[in-house]
Structure formats: structure tokens, C-alpha cells
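These notes concern the structure reproduced below.
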Amino acid sequence: MQTGGVATMKDLDKLALALPETEKELEEGRATYHVGGKYFCFQRRARRDAVDAETGERLTDVLVFRVADQDMKDFVLADDRGVWFTTPHWNGYSAVLTRVAFLKQIDRDELEERLVEAWLTRAKKRVA
């Protein structure tokens, strides 16, 4: 059930930058959000391990969110909507992926929760 309205990239930017000591870096139009010099969310460039199931084309709109651990990753990936996923490249890493195109299936509250959780994995305790 969506309660906070459909999420957008503008929401992602606003919510991420509202977190203490967050900095944004742009590379070729893709944003990376850092706290204490460590990323917690970013839009990655097209890679061969993330392709559209129908066309086989490399996905250019993949967002990466850090998670606390493998248990949290498994929990997020268990969402039956299929908006959160991983690829072989991310096996063993505490991160989940989604697509910008999938934000319309995620509400702002869920996006904020994902961002806060990601931020907490990287922020220093005194900042958190």
C-alpha cells in the first residue's frame, strides 16, 4: 500500500540531501550521494550484468542503495513487486538495486526509509 505518493528522482535528491552531512556528486549526469566520503546511494552506469529482460539492452537507470547486511538485503529482495533486485556483480555486497523506472511503484515513504537505512550504513555514529 502506498501512503506517501509516488516517488520521483526529485524526491530521491531532496530526501538524500536532507540527511546530515550528505554530499552529492555528479558524474556524466548520474548522482552519487556520500556521507563521510562513503557512498550510500548512486545511479550506476550501464553494465553488462544488468540488462532489460525483454530487449537485452543494458540498463542505464539502475540505482544502488546500501543495506545493513545480508539479512536486510534478503528482506528487501523478498518484496513481491519486483522493484528491488540484485545482479551477480552485487553478490556478497550489502546493497540492493532498483530502476528509476520503478520509482513510480515505490512511494516517498518507502524511498525515504531506504535512503535513511542506506545513510545509516555509512554515517559516523556521532552524526547518526
Next item on the list: Sort His34, His89 from largest to smallest accessible area, using a 1.4 Å probe on the heavy atoms of the protein chains.
Entry: His89, His34
Check: Mind checking the dipole of segment 72-128: about its Cα centre, +1 per Lys or Arg Cβ, -1 per Asp or Glu Cβ, Debye to the nearest 20?
Finding: 400 debye
Notebook entry, point to check: Which whole-Hz couplings ³J(HN,Hα) result when phi for each residue of segment 40-54 is put into the Karplus expression 6.51 cos²θ - 1.76 cosθ + 1.60, θ = phi - 60°, listed in order with x for Gly and Pro?
Noted result: 10, 7, 7, 9, 8, 6, 4, 9, 6, 8, 10, 10, 5, 4, 8
Next item on the list: Compute the normalised compactness of the chain: alpha-carbon radius of gyration over 2.2 N^0.38 Å, N being the residue count.
Entry: 1.01
Checklist line | Bins of 5 Å from zero: percent of alpha-carbon pairs in segment 55-116 | finding: 4, 17, 31, 28, 15, 5, 1
Check: Nearest 20 debye, what's the magnitude of the dipole of the chain about its Cα centre given +1 on Lys and Arg Cβ and -1 on Asp and Glu Cβ?
Finding: 480 debye
Next item on the list: Enter the accessible area per residue of the chain (Å², integer; probe 1.4 Å; all protein chains in place).
Entry: 59 Å²
Next item on the list: Determine the share of the chain's accessible area contributed by carbon and sulfur atoms, expressed in whole percent, with a 1.4 angstrom probe.
Entry: 49 percent
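The values are calculated or read from the model by the stated rules, or taken from the named source; none is laboratory data. In this text, all values refer to a predicted model and were calculated from it rather than measured experimentally. All Cβ positions, even for glycine, are placed from backbone atoms using ideal geometry, and neighbour counts span all protein chains on display. The accessibility values were calculated without ligands, DNA or RNA, using every heavy atom of the protein model including side chains. Shrake-Rupley method; radii C 1.70, N 1.55, O 1.52, S 1.80 Å.
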